[in-house]
Amino acid sequence: MTLLDDHVVLITGSGSGLGLGIARHFQQEGAQLALLEYDDDKVRTLRDEFGDDVVVVHGDVRSLDDLERCRDEIVARFGRLTAVVGAQGIWDGNVRLRDIPADRVDSLLDEVFAVNVKGYALTARVFLDLLDAEQGALVLTCSQAAFAADGGGIAYTASKGAVRSLVNQLSFELAPRIRVNAVAPTGIANSQLRGPAALDLQDSKQSDIPADAFRQQFEWLAPMQHMPSPEEYGPLYAFLASRQNTIMTGQTVLADQGSLNRALISMGDLLTTMPRA
Ligand SMILES: NC(=O)c1ccc[n+]([C@@H]2O[C@H](COP(=O)([O-])OP(=O)(O)OC[C@H]3O[C@@H](n4cnc5c(N)ncnc54)[C@H](O)[C@@H]3O)[C@@H](O)[C@H]2O)c1
């Protein structure tokens with residue numbers, strides 16, 4: 001018996017990074033899976049990797065039609081759904097407000113919020129009756145950026161703050177039948193998180209920040225000294241998505257390698273060891 005035996009889980013944004021790692025872990029834990037992804041190439045690689053046992057849906061979380069088609073495919077194949085994990089997101093390139101042309105602020109916020117916030121709200125709406133029928137779980141993806149500055153620019157950090165509030169409100173509205181929680185990661189190795197078209201950064205990725213330098217700095221700052229892989233986040237998501245979680249709703253769990261849990265006393269000594277790019 002494994003943690004997710006008898007569970008049917010939809011993971012949105014599962015073509016790379018966190019969502020893909022969660023999918024691999026959930027399959028090992030015995031879950032039946034549906035995967036929603038909007039990138040053509042990633043849809044193909046998902047079908048190659050997971051084969052016919054998994055329902056792979058080519059769709060966009062911003063589209064009601066796509067989500068309803070995904071729902072139809074899940075009902076046709078499995079007849080039920082016990083959890084939805086939201087893992088999609090886009091970044092904002094970490095551009096400071098001062099450096100964003102004034103006439104692009106509006107489109108930047110619309111673009112980032114459409115994927116990072118509205119995509120989760122719409123998904124929750126489309127699947128809530130299936131989750132309700134199974135007394136299921138909704139697990140969203142927040143970020144350390146919802147807890148402290150400098151995890152991105154205004155659009156990304158505000159969108160992740162909104163995810164945290166969405167969890168508060170949805171958990172209240174959907175109790176007692178549906179548990180709603182989120183995980184707030186910090187660093188994720190092998191992420192392909194892309195930038196916004198509103199700033200012409202759609203072809204740039206967060207990982208374009210020199211990967212080794214970023215990892216070294218993160219591991220220097222974080223007390224646990226380790227940049228987790230997507231798969232390492234799997235067990236935390238699995239618990240929150242499982243029936244074993246009878247104790248938590250409305251929580252956003254900060255999974256930050258301890259990086260926010262430090263004061264300044266030892267900073268002077270630490271700075272002398274800081275890795276340089
Ligand atoms: N990378 C990090 O360091 C980090 C840190 C904290 C939080 N996060 C969050 O983790 C989540 C996953 O990020 P990641 O780093 O794995 O990035 P990623 O780009 O590797 O994975 C996100 C996936 O979502 C897909 N996607 C994007 N928009 C979509 C849409 N409209 N419809 C369907 N699929 C869509 C992408 O194609 C991609 O496959 C995001 O919510 C991100 O904000 C990432």
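Bear in mind these aren't lab numbers, they're just calculated from the coordinates by the rules spelled out. Being a predicted model, the structure only gives us computed values, none of them experimental. As a convention, Cβ positions derive from the backbone with ideal geometry for all residues, glycine included, and neighbour counts pool all protein chains shown.
General remarks:
- Listed by first and then second residue, the pairs with beta-carbon distance under 8 Å, at least 6 apart or on different chains, first residue in region 256-277 and surrounded by 10 or more Cβ atoms within 10 Å (Cβ to Cβ), second assigned to a loop (DSSP other than H, G, I, E, B) and among the β-branched types (Val, Ile, Thr), are 256/186; 257/186; 259/186.
- Among the residues listed as 82, 141, the single one being buried (at least 22 other Cβ atoms within 10 Å of the Cβ), closer than 22 Å to residue 56 by Cα and in contact with a His (Cβ under 9 Å, 6 or more places away or on another chain): 82
- Among (1) more than 22 Å from residue 130 (Cα to Cα); (2) buried (at least 17 other Cβ atoms within 10 Å of the Cβ); (3) near the ligand (Cβ under 10 Å from one of its atoms); (4) free of Cβ contacts under 8 Å to residues at least 40 places away in the same chain - the single one residue 39 does not satisfy: (2)
- Residue check, residue 82 touching a strand residue (DSSP E or B) at 6+ places or on another chain (Cβ under 7 Å), more than 9 Å from the ligand (Cβ to nearest atom), among the polar types (S, T, N, Q) and touching a residue at least 40 places away in the same chain (Cβ under 8 Å): yes
- Test for residue 26: is it more than 30 Å from residue 153 (Cβ to Cβ), away from the ligand (no atom under 13 Å from the Cβ) and within 17 Å of the chain's Cα centre (by Cα): yes
- Any chance residue 133 is over 19 Å from residue 237 (Cα atoms) and either surrounded by fewer than 18 Cβ atoms within 10 Å (Cβ to Cβ) or among the hydroxyl-bearing types (Ser, Thr, Tyr) (or both): yes
- Members of region 246-273 found to be of a type outside the set (Asp, Glu), assigned to a loop (DSSP other than H, G, I, E, B) and touching a helix residue (DSSP H, G or I) at 6+ places or on another chain (Cβ under 6 Å), listed by number: 249, 250, 259
Yes/no matrix, rows are residues, columns are (1) among the basic types (Lys, Arg); (2) touching a residue at least 60 places away in the same chain (Cβ under 8 Å); (3) under 24 Å from residue 188 (Cα atoms):
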position	(1), (2), (3)
23	no, no, yes
57	no, no, no
87	no, yes, yes
113	no, no, yes
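- Look at (1) within 12 Å of the ligand (Cβ to nearest atom); (2) in contact with a Gly (Cβ under 6 Å, 6 or more places away or on another chain) and you find that residue 171 fails only one, number (1).
- Selection within region 163-202 - surrounded by fewer than 18 Cβ atoms within 10 Å (Cβ to Cβ) and in contact with a Pro (Cβ under 8 Å, 6 or more places away or on another chain): 190, 202
- Close Cβ contacts (under 7 Å, 6 or more residues apart or on different chains) running from residues in region 136-147 that are assigned to a strand (DSSP E or B) to residues that are within 11 Å of the ligand (Cβ to nearest atom) and among the polar types (S, T, N, Q) are absent.
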